[in-house]
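Okay, structure first, notes after.
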Amino acid sequence: MSMVATEADLAEQIKTAQGPLRVQGGGTRGLSGVGEPLSVSGLSGVELYEPGALTLVVKAGTPVVQIREVLAAENQRLAFEPADLRGLLGTQGAPTIGAVFATNSSGPRRIQCGAARDHLLGVRFVDGQGQVIKNGGRVMKNVTGYDLVKLMAGAHGTLGVLTEVSLKVLPQTEAEASVLVSGVDLASAVQTMSAALGSPFDVTGAAYDPEAQVARVRVEGFADSVSYRAVQLQKLLAGFGEVAVEEETSADWADVRDVTAFAGRAGDVWRVSMKPTDAVAAAEQMQADALQFDWGGGLIWALVPEGTDLRARLSVPGGATLIRGSGETRERLGMFPPEPAPLAAISAGLRQKFDPRGILNPGLMG
Amino acid sequence: MQMPVPNPAILARKARLVSRLSQVLPGDAIIEDDSETRAYECDALTAYKCPPMLAVLPSTTNEVSDVLRICHEEGVPVVPRGAGTSLAGGALPTADCVILGVARMNEVLEVDYDNRVIRVQSGRTNLSVSGAVEEDGFFYAPDPSSQLACAIAGNIAMNSGGAHCLKYGVTTNNLLGVTMVMMDGTVVEIGGAHLDAGGLDLLGVICGSEGQLGVVTEATLRILRKPEGARPVLMGFDSNEVAGACVSDIIKSGILPVAIEFMDRPCIRACEAFAKAGYPDCEALLIVEVEGSEDEITWQLNKIIEIARRHDPVELREAQDADEAGRIWLGRKSAFGAMGQINDYMCLDGTIPVSSLPFVLRRIGELSKEFGLDVANVFHAGDGNMHPLILFDANKPGDLETCEAFGAEILKLCVEAGGCLTGEHGVGVEKRDLMLHQYDPADLEAQLHVKDVFDPNWLLNPAKVFPLSVTETRRVAPVAAE
């Protein structure tokens, strides 16, 4: 595997590459692909941290665990809750911040504060020809030119290799509580979560476990405010099922985020995005071995027998991404949902412009 | 400010273009008379004017598609226009272009409270999106100050922000999907009522692309439940440094106010003279607003006041009721009117890291003396978005040019301080020629690649965003054969 220590090294490696490169950070996300592995984990370290401006600039290979430590010292955090999928995927290594953004990895708080891409303020990256390019900056509001920052978030390294990211961080909250609604089936769970998310009580998580038949709704903030809102939500949701309030539930939300329910269980894992009210129909269509629901029902994690073409069973608008599956299944079905022809042409056109030789994670996104 | 020389080959084909367009549009949707095209000669950046060759006002996505297909075949540049409220000249025509206005497309297509989304046609005004859901207790969060007039189409083109984006984000954080027509007439659907489906984030790059990648005709927007209430506190300080430190401490404390507005002494004085809001005569004034239930508001304001006290405020005024809240906001909301009362003014829109605030304000003061023009600062302090207002006299020869030069220096200063040229207004023509101060040629080339893919012939709003010298070879579009 090629390791690089500087952005200039990386640019040179890419410029002189003779064949495909498999770009990775800590290698924890189980992305398959062809080519010589190229790790950016040597590009590591904090460049700038301004807690009073809620901004952090770090090299892309910096381990997420190190960033959490730096932020915790100032009582701040990555609000979008990037997932740690090592348990689910059975991988080793340390997740890096570059890969968090390259995969646009967002947890339960997505519904309230946005996705990883919404917290990415600026990037430096090396394109497929070895050119260093920057876009965005380190300020919250910036409309200077095209937003390539968004384009790079979720591009899985196919348009360029991230070398530095600047991001928005948020204060750690003083307290949290979860309102649990028990004895609800999927249809009433979606209604429960919609009611909570449509309330003024600033819900920061809404998940459902169908095996336990429990919907859980999270509030965070100052202690007094959390108690107040938990009580209000308890009243609001009392009609849907048996209601209880739990404190200190962060471990439960980490399980939702990391899909630990499927860790160690055989089968393929799919991540399906749709509007919450389509969740009931989608769940029926999937005929899955097990399901987990997040984002108020708008995100379904599905465990299905190996090799299942889940997309062929689904008719609701949205998209199904294959997160865990054999190389053969990935090859056959593709990781990402296919795009309609005009959009596929745009995506292919962008890849051709940013990586004309087609050497950066070729085939991963189409 | 330079615009490309009109292409005589295109001008010569006006009659043929009108004839083709009239086959796909009703007669009243085509504006070709010189006296009427003048209505489209500028947007809210009124210093620059140029009537278009034609203006068209389609009513459906299909009509937009027909117009673009014909203009594509004829090699005619198209400048999309929302409500024409751009402060950056985003909708400024060229003499050989067709203005495509979406004003007739202003319907609400779907309101979906269970999924918390609304789908609208893009000509609908920002405020009337909230208007469609407010009776049910919901709102659309981005609130540019032109929200009464500005259209969602323009909000998407410029990735518009507003006073409340510290808490709720800007347009890109609240936009879930679009129906867009490509320059060749192809209609595409991107995103929808769902979140983050995988694949490249095309929606993310379309938002903020200033009408250069496609014409958005419909949008799916996130709507939120209104908070139970909101209330501001006003605080005065005897230096910009101290006010800046107070902002930073509030943010670090874990409170996320919905807005933190900053005004400097020249701005305070002008607003006070104009609106008589009872502002203290001090160096710097902050208005901080928080949301929640009555109790939650009180808890948050108490924390904020406790932080402010550590910075020796010369004034600390908590709104006890709606009337007092109104008075606190009165001066700030009339800032632009107050300036207009004194003189002509130019409103800038740079963003800086909050930590650079004292340095940047001091340097703006020095530049003000060098250029001999007064400047007042209002500022979304929570997110570093500055709006320096430079006062000048449009009737005095050379004053506009001095003002433009002064403005350019301030924007360069923002970039040097670690910020950017524009926080929420967009580049348009206004900041086009400063782009190389923020980006290296390779950075700009990467952006041009995106336009090459979406609009290979460079017909959509081609003279904006990038310096003309950088785009010259691309803009020489092949004109269709006779």
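The values are calculated or read from the model by the stated rules, or taken from the named source; none is laboratory data. No experiment lies behind these values; they were computed from the predicted model shown. All Cβ positions, glycine included, derive from the backbone under ideal geometry; neighbour counts span all protein chains shown. The area values use the complete protein model at the heavy-atom level, side chains included, leaving out ligands, DNA and RNA. Shrake-Rupley method; radii C 1.70, N 1.55, O 1.52, S 1.80 Å.
Is it the case that region B:110-131 has a residue that's within 11 Å of chain A (Cβ to nearest Cβ) and among the β-branched types (Val, Ile, Thr)?
yes
Could you pull out the residue among B:211, B:154, B:198 that is farther than 18 Å from residue B:101 by Cα and among the small types (Gly, Ala, Ser)?
Working: B:211 fails: farther than 18 Å from residue B:101 by Cα; B:154 fails: farther than 18 Å from residue B:101 by Cα.
It is B:198.
List pairs: first residue in region B:82-107 and on the phi > 0 side of the Ramachandran plot and open to solvent by 10 Å² or more (accessible area, probe 1.4 Å), second residue of a type in the set (A, V, I, L, M) and part of a loop (DSSP other than H, G, I, E, B) anywhere in the structure, Cβ distance under 9 angstrom, at least six positions apart or on different chains.
What qualifies is B:84/B:44; B:84/B:91; B:84/B:103; B:84/B:149.
In region B:436-445, how many are of a type in the set (A, V, I, L, M, F, W, C), within 23 Å of the chain's Cα centre (by Cα) and either facing chain A (nearest Cβ under 7 Å) or buried (at least 20 other Cβ atoms within 10 Å of the Cβ) (or both)?
Final tally of qualifying residues: 1.
Counting residues that are among the charged types (D, E, K, R), which helices (runs of 4 or more DSSP H) fully inside region A:27-112 reach at least 2?
Here the list reads A:64-72.
Go through region A:213-234 residue by residue and tally those that are of a type in the set (Ser, Thr, Tyr), facing another protein chain (nearest Cβ under 8 Å) and open to solvent by 40 Å² or more (accessible area, probe 1.4 Å). I'd like the intermediate steps shown before the answer.
In the first step, residues of region A:213-234 are kept if they are of a type in the set (Ser, Thr, Tyr); the result is A:225, A:227-228.
Then keep just the ones that are facing another protein chain (nearest Cβ under 8 Å); that gives A:225, A:228.
Filter once more, keeping what is open to solvent by 40 Å² or more (accessible area, probe 1.4 Å): A:228.
Residues in region A:213-234 being of a type in the set (Ser, Thr, Tyr), facing another protein chain (nearest Cβ under 8 Å) and open to solvent by 40 Å² or more (accessible area, probe 1.4 Å): 1 in total.
Just to be sure I understand, how many residues within region B:328-344 are open to solvent by 70 Å² or more (accessible area, probe 1.4 Å) and either touching a helix residue (DSSP H, G or I) at 6+ places or on another chain (Cβ under 7 Å) or at pLDDT 90 or above (or both)?
The total comes to 3.
Looking at region B:209-230, which of the residues that are small (Gly, Ala, Ser) and surrounded by 21 or more Cβ atoms within 10 Å (Cβ to Cβ) is nearest to the other protein chains (Cβ to nearest Cβ)?
Applying the first criterion (small (Gly, Ala, Ser)) to region B:209-230 yields B:209, B:211, B:214, B:219, B:229-230.
Restricting the remaining residues to those that are surrounded by 21 or more Cβ atoms within 10 Å (Cβ to Cβ) gives B:209, B:211, B:214, B:219.
On the way: B:209: 6, B:211: 12, B:214: 10, B:219: 15 Å.
It comes out as B:209.
For region B:112-171: of the residues being under 22 Å from residue A:117 (Cα atoms) and polar (S, T, N, Q), which is surrounded by the fewest Cβ atoms within 10 Å (Cβ to Cβ)?
B:115
Does residue B:46 satisfy being in contact (Cβ under 8 Å) with a residue 60 or more places away in the chain and not charged (D, E, K, R)? First the steps, then the outcome.
Details: in contact (Cβ under 8 Å) with a residue 60 or more places away in the chain: no; not charged (D, E, K, R): yes.
Criteria not met by residue B:46.
Being open to solvent by less than 20 Å² (accessible area, probe 1.4 Å), out of contact with any strand residue (DSSP E or B) (no Cβ under 6 Å at 6 or more places or on another chain) and away from every other protein chain (no Cβ under 13 Å): is that true of residue B:413 here?
On the way: open to solvent by less than 20 Å² (accessible area, probe 1.4 Å): yes; out of contact with any strand residue (DSSP E or B) (no Cβ under 6 Å at 6 or more places or on another chain): yes; away from every other protein chain (no Cβ under 13 Å): yes.
Yes: the conditions hold for residue B:413.
Check whether at least one residue in region B:44-60 is over 30 Å from residue B:178 (Cα atoms) and crowded, with 18+ Cβ neighbours inside 10 Å, and report yes or no.
The answer is no, given that none of the residues of region B:44-60 is over 30 Å from residue B:178 (Cα atoms) and crowded, with 18+ Cβ neighbours inside 10 Å.
Would you call residue B:221 free of Cβ contacts under 8 Å to residues at least 12 places away in the same chain and of a type in the set (A, V, I, L, M, F, W, C)?
For residue B:221, the condition - free of Cβ contacts under 8 Å to residues at least 12 places away in the same chain and of a type in the set (A, V, I, L, M, F, W, C) - is not met.
State which residue pairs qualify: first residue under 10 Å from residue B:56 (Cβ atoms) and inside region B:18-33, second residue modelled with pLDDT of 95 or more and among the basic types (Lys, Arg) in any location, beta carbons under 8 Å apart, and separation of 6 or more residues or different chains.
Filtered contacts from region B:18-33: B:29/B:104; B:32/B:14.
Any idea which of (1) part of a helix (DSSP H, G or I); (2) open to solvent by 10 Å² or more (accessible area, probe 1.4 Å) is the one residue A:149 doesn't satisfy?
(2)
What residue, among those in region A:32-43 that are surrounded by fewer than 19 Cβ atoms within 10 Å (Cβ to Cβ) and of a type outside the set (A, V, I, L, M, F, W, C), is farthest from residue A:125 (Cα to Cα)?
Looking only at region A:32-43, we keep the residues that are surrounded by fewer than 19 Cβ atoms within 10 Å (Cβ to Cβ), and these are A:32, A:34-37, A:42.
Now restrict to residues that are of a type outside the set (A, V, I, L, M, F, W, C): A:32, A:35-37, A:42.
Numbers: A:32: 21, A:35: 20, A:36: 19, A:37: 17, A:42: 15 Å.
Here the answer is A:32.
State the number of residues belonging to region A:119-132 that are surrounded by fewer than 24 Cβ atoms within 10 Å (Cβ to Cβ) and either at the interface with chain B (Cβ under 9 Å from one of its Cβ atoms) or under 22 Å from residue A:81 (Cβ atoms) (or both).
5
Among the listed residues A:295, A:301, which satisfies the condition of being of a type in the set (Phe, Trp, Tyr), within 20 Å of the chain's Cα centre (by Cα) and open to solvent by 10 Å² or more (accessible area, probe 1.4 Å)?
Values: A:295 fails: open to solvent by 10 Å² or more (accessible area, probe 1.4 Å).
Answer to the check: A:301.
When you go through A:330, A:351 one by one, which is the residue that is more than 10 Å from chain B (Cβ to nearest Cβ), outside any loop (DSSP other than H, G, I, E, B) and surrounded by 16 or more Cβ atoms within 10 Å (Cβ to Cβ)?
Values: A:351 fails: more than 10 Å from chain B (Cβ to nearest Cβ).
Of the residues listed, the single one that is more than 10 Å from chain B (Cβ to nearest Cβ), outside any loop (DSSP other than H, G, I, E, B) and surrounded by 16 or more Cβ atoms within 10 Å (Cβ to Cβ) is A:330.
For region A:145-165, how many residues meet the condition of being in contact with a strand residue (DSSP E or B) (Cβ under 8 Å, 6 or more places away or on another chain), at the interface with chain B (Cβ under 7 Å from one of its Cβ atoms) and not aromatic (Phe, Trp, Tyr)?
Residues meeting the conditions: 5.
Rundown of residues vs (1) within 24 Å of residue B:468 (Cβ to Cβ); (2) in contact with a His (Cβ under 8 Å, 6 or more places away or on another chain), yes/no style:
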site	(1), (2)
B:16	no, no
B:25	no, no
B:35	no, no
B:40	yes, no
B:46	yes, no
B:87	yes, yes
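Which residue out of A:55, A:6 is in contact (Cβ under 8 Å) with a residue 12 or more places away in the chain, farther than 17 Å from residue A:157 by Cα and surrounded by fewer than 16 Cβ atoms within 10 Å (Cβ to Cβ)?
Among A:55, A:6, only A:6 is in contact (Cβ under 8 Å) with a residue 12 or more places away in the chain, farther than 17 Å from residue A:157 by Cα and surrounded by fewer than 16 Cβ atoms within 10 Å (Cβ to Cβ).
Filter region B:146-163 down to residues that are more than 21 Å from residue B:218 (Cβ to Cβ) and in contact (Cβ under 8 Å) with a residue 60 or more places away in the chain, then give me how many there are.
Final tally of qualifying residues: 4.
List the number of the failed condition for residue B:243; all other conditions in (1) crowded, with 23+ Cβ neighbours inside 10 Å; (2) in contact with a Gly (Cβ under 6 Å, 6 or more places away or on another chain); (3) not hydroxyl-bearing (Ser, Thr, Tyr) hold.
(2)
Filter region A:14-31 for residues that are polar (S, T, N, Q) and open to solvent by 50 Å² or more (accessible area, probe 1.4 Å) and give the result.
We begin by selecting, within region A:14-31, every residue polar (S, T, N, Q); these are A:16, A:18, A:24, A:28.
A:16, A:18 - these are the residues of region A:14-31 that are polar (S, T, N, Q) and open to solvent by 50 Å² or more (accessible area, probe 1.4 Å).
For (1) open to solvent by 10 Å² or more (accessible area, probe 1.4 Å); (2) in contact with a Lys or Arg (Cβ under 6 Å, 6 or more places away or on another chain); (3) not assigned by TED's automatic domain parsing to the domain that holds residue B:368, each residue gets a yes or a no:
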{"site": "B:199", "(1), (2), (3)": "yes, no, yes"}
{"site": "B:207", "(1), (2), (3)": "no, no, yes"}
{"site": "B:234", "(1), (2), (3)": "no, yes, yes"}
{"site": "B:248", "(1), (2), (3)": "yes, no, yes"}
{"site": "B:253", "(1), (2), (3)": "yes, no, yes"}
{"site": "B:269", "(1), (2), (3)": "yes, no, yes"}
{"site": "B:281", "(1), (2), (3)": "yes, no, yes"}
{"site": "B:284", "(1), (2), (3)": "no, no, yes"}
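Among the residues of region A:166-208, write down those that are among the β-branched types (Val, Ile, Thr) and either facing chain B (nearest Cβ under 10 Å) or buried (at least 24 other Cβ atoms within 10 Å of the Cβ) (or both).
A:173, A:179, A:181, A:190, A:192, A:203
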